[in-house]
Amino acid sequence: YVIYTSGSTGKPKGVLVPHVGVVNRLLWGQSAFGLAAGDKVLQKTSASFDVSVWEFFWPLANGATLVMARQGGQRDHEYLSALIEKSGITHMHFVPSMLAIFLAEVDAARCASLRQVFTSGETLPPQLRDRFHDWTRHARLFNMYGPTETCIEMTMWPCAPIERGQPLPIGRPIANSRVHILDENGMEMPVGVPGEICIAGVQVAHGYLNRPELSAERFLPDTLDHRPGGLLYRSGDIGRWFDGGWIEYVGRRDNQIKL
């Protein structure tokens, strides 16, 4: 499929996402989180945002129930909480800024059916993770990271109440994916030293639609792999490895600000 993103330029560009990337993300998601027939996934993300892809297809591919929120319903927290309570929603996604408002305005007792909550699209502050664990003892929180150019999410970290006050990683690469932390010369950075997050594997897009120069700038030949034809996506994000194989997001190479 082609999905548009503005990325760091502010000008929309179409990302050419391969089917194999979507399939890999869905298969990994089921392996990691295990939807069952009785589970209900809330679909509330605009179809112009790539998280909607797994919201649509993950439950349908695994015999669970897809519950679709009304158009614009994601902005109405009273409506959302009533829908969660009435439908028995077990799985849903928030961008962190939206999660912060939801926690402040919604009584956790109305969301007792929730089992797993996913966040991505923005940096998840450690304080918000801690607020979530104060808000509910029933649901688990997962912090995920991935540019549109790498098919929804590429890393995942399971948040835990015992991490209170500790740094919050973006996690480890998912199945059939690799993350490299590189310097400006394309050399691997040591553990603990910041560098650009560069992503490889089956979920990397083919490039940008009708934008060969921009594609050549951001999608490089994957010389770190022995298989021919692979691409390495330069995310523009800065991160660093830590002992244990997990990654911390540090910031941007440029002056990008998300609104």
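The values are calculated or read from the model by the stated rules, or taken from the named source; none is laboratory data. Because the structure is a prediction, the values reported are computed rather than measured. Cβ atoms come from the backbone with ideal geometry, glycine included; neighbour counts cover every protein chain shown. In case anyone asks, the SASA skips ligands and DNA or RNA and just uses the protein heavy atoms, side chains included. Shrake-Rupley method; radii C 1.70, N 1.55, O 1.52, S 1.80 Å.
If the segment from Arg131 to Ala112 were pulled out straight at 0.36 nm per residue, it would be longer than the present Cα-Cα gap by 5.2 nm.
May I ask you to derive the relative contact order of the chain, considering only C-alpha pairs under 8 Å and at least 6 residues apart, and to give it as an integer percent?
Values: 506 pairs, mean separation 43.0, N = 259.
17 percent.
In plain terms, the chain from His77 to Val193 could stretch by 37.7 nm, reckoned as 0.36 nm per residue minus the Cα-Cα distance. Relative contact order of the stretch 1-70, taken over Cα pairs closer than 8 Å and 6 or more residues apart, is 28 percent. The C-alpha atoms of the chain define a longest principal axis, and helix 126-135 lies at about 20 degrees to it. Expressed as an acute angle from 0 to 90° and rounded to the nearest 10, what is the orientation of the C-alpha long axis of helix 19-33 relative to the principal long axis of the chain? Helix 19-33 sits at roughly 50 degrees to that axis. On a 0 to 90 degree scale, rounded to 10, what angle separates helix 96-105 from the longest Cα axis of the chain? So the inclination is approximately 10 degrees.
The candidate values are (i) 148; (ii) 132; (iii) 168; the one derived from this structure for volume of the Cα convex hull per residue in Å³ carries the label (ii).
Accessible surface of His19, taken over heavy atoms with a 1.4 Å probe and every protein chain present, rounds to 140 Å². A cut-off under 13 angstrom between Cβ atoms defines the neighbours of His91, and their net charge, with Lys, Arg +1 and Asp, Glu -1, is +2.
Calculated [222 nm] ellipticity per residue, helices only, for the chain: -7500 deg cm²/dmol; basis is -39500 (n - 2.57) per DSSP H run with n ≥ 4, divided by all residues, nearest 500.
Taken over the chain, lysine pairs spaced eight or more positions apart, or on distinct chains, with alpha carbons under 22 Å apart number 5. Of the residues Ile162, Ile3, ranked by 1.4 Å probe accessible area with the largest first, the sequence reads Ile162, Ile3. Straightening the chain between Asp225 and Ser87 buys 45.1 nm, computed as 0.36 nm per residue apart minus the Cα-Cα spacing.
What percent do you get for the relative contact order of the stretch 115-188 when only Cα pairs under 8 Å and 6+ apart count? Don't skip to the answer; put the middle values down first.
On the way: 102 pairs, mean separation 20.4, N = 74.
That works out to 28 percent.
Averaged per residue, what accessible surface does the chain expose to a 1.4 Å probe, in Å²?
Details: 12480 Å² over 259 residues.
Counting only protein heavy atoms, the per-residue value for the chain is 48 Å².
For the chain, carbon and sulfur atoms together expose 56% of the accessible surface, with a 1.4 angstrom probe and every protein chain in place.
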